[in-house]
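Presented below is the structure to which this report refers.
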Amino acid sequence: MRRFATMILASLLLACPAAAQEVAPEFTELMNEADEARIARFDEALGQALIQAVKAGAFEDIETLQQAIGGEAQPTSAEGLIGDWRCRTIKIGGNLPLVAYGFFDCRIERVTGGLSLQKLSGSQRTSGRLVSLDGSRWGYVGADHYAREDPIAYDANSERNTVGILSRVGRDRLWLGMPEPQFESDFDVLELVRAR
């Protein structure tokens, strides 16, 4: 079982595109120091969360996670991101070693100054800004809110801040990695699949 767990962990780490390489100053300038440090620890946080999930024997959702984050990062333009997406949160590490929730509605659209990402349904939501980091990765700076609330601005309440890196790993698949979320888990993945 231990060998099997090690193989799963290795395959997940190898399948996941390295996300937190150098990031553009335009991205880090939008964040406070604590969130900039979270982004700097992106790969470490993902690795530690995956180790927790495997050690806890959370194999039921491993295949779901592999499908969400596996694959090489692919080039993408703003136009390639814009549109409606089905999205779901996968929480890794922390209180719940690995859990994948159901799909909800997300949208990426053009706004003044660039692109915005919004999770539009479900009890827990997020909204914020996407900033191009290179040809295949986009930085996310936003804030979480509940369905009963209006979206809030980044840093209006630092406990609601969410930062991450968005990668395209298939023609109709994206994933947003969010290191060290404020509650419940050690790493969150928002999997996005193009709505038909």
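What number of residues within segment 172-193 are in contact (Cβ under 8 Å) with a residue 12 or more places away in the chain, assigned to a loop (DSSP other than H, G, I, E, B) and more than 18 Å from residue 28 (Cα to Cα)?
Of segment 172-193, the ones in contact (Cβ under 8 Å) with a residue 12 or more places away in the chain are 172-182, 184-193.
Imposing the further condition that a residue be assigned to a loop (DSSP other than H, G, I, E, B) reduces the set to 172, 180-182, 184-186.
Now narrow it down to the ones that are more than 18 Å from residue 28 (Cα to Cα): 172, 182, 184-186.
Summing the residues that are in contact (Cβ under 8 Å) with a residue 12 or more places away in the chain, assigned to a loop (DSSP other than H, G, I, E, B) and more than 18 Å from residue 28 (Cα to Cα) in segment 172-193 gives 5.
What residue, among those in segment 94-126 that are assigned to a strand (DSSP E or B) and free of Cβ contacts under 8 Å to residues at least 24 places away in the same chain, is nearest to residue 23 (Cα to Cα)?
So in segment 94-126, the residues assigned to a strand (DSSP E or B) come out as 98-100, 104-111, 114-119, 124-126.
Now drop any that are not free of Cβ contacts under 8 Å to residues at least 24 places away in the same chain, which leaves 104, 111, 116.
Numbers: 104: 29, 111: 22, 116: 18 Å.
It comes out as 116.
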## Note on the structure
Residue count, segment 127-160, condition part of a loop (DSSP other than H, G, I, E, B) and under 18 Å from residue 33 (Cα atoms), comes to 5
#### Entry: Number of positions in segment 57-92 that are part of a helix (DSSP H, G or I), surrounded by fewer than 17 Cβ atoms within 10 Å (Cβ to Cβ) and modelled with pLDDT of 90 or more
3
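Consider residue 38 carefully, then state whether it is touching a His at 6+ places or on another chain (Cβ under 8 Å), closer than 21 Å to residue 155 by Cα and surrounded by 17 or more Cβ atoms within 10 Å (Cβ to Cβ). Explain how you work it out, then say what you get.
Values: touching a His at 6+ places or on another chain (Cβ under 8 Å): no; closer than 21 Å to residue 155 by Cα: yes; surrounded by 17 or more Cβ atoms within 10 Å (Cβ to Cβ): yes.
Spelling it out, it is not the case that residue 38 is touching a His at 6+ places or on another chain (Cβ under 8 Å), closer than 21 Å to residue 155 by Cα and surrounded by 17 or more Cβ atoms within 10 Å (Cβ to Cβ).
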### Query
Which numbered condition trips up residue 54, out of (1) over 22 Å from residue 144 (Cβ atoms); (2) modelled with pLDDT under 80; (3) surrounded by 18 or more Cβ atoms within 10 Å (Cβ to Cβ)?
(2)
### Query
What number of residues within segment 93-127 are of a type outside the set (D, E, K, R), surrounded by 20 or more Cβ atoms within 10 Å (Cβ to Cβ) and either on the phi > 0 side of the Ramachandran plot or in contact with a Ser or Thr (Cβ under 6 Å, 6 or more places away or on another chain) (or both)?
3
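The values are calculated or read from the model by the stated rules, or taken from the named source; none is laboratory data. This one's a predicted model, so the numbers in the text were calculated from it and none came from an experiment. Ideal geometry is used to build each Cβ from the backbone, glycine not excepted, and the neighbour counts take in all protein chains shown.
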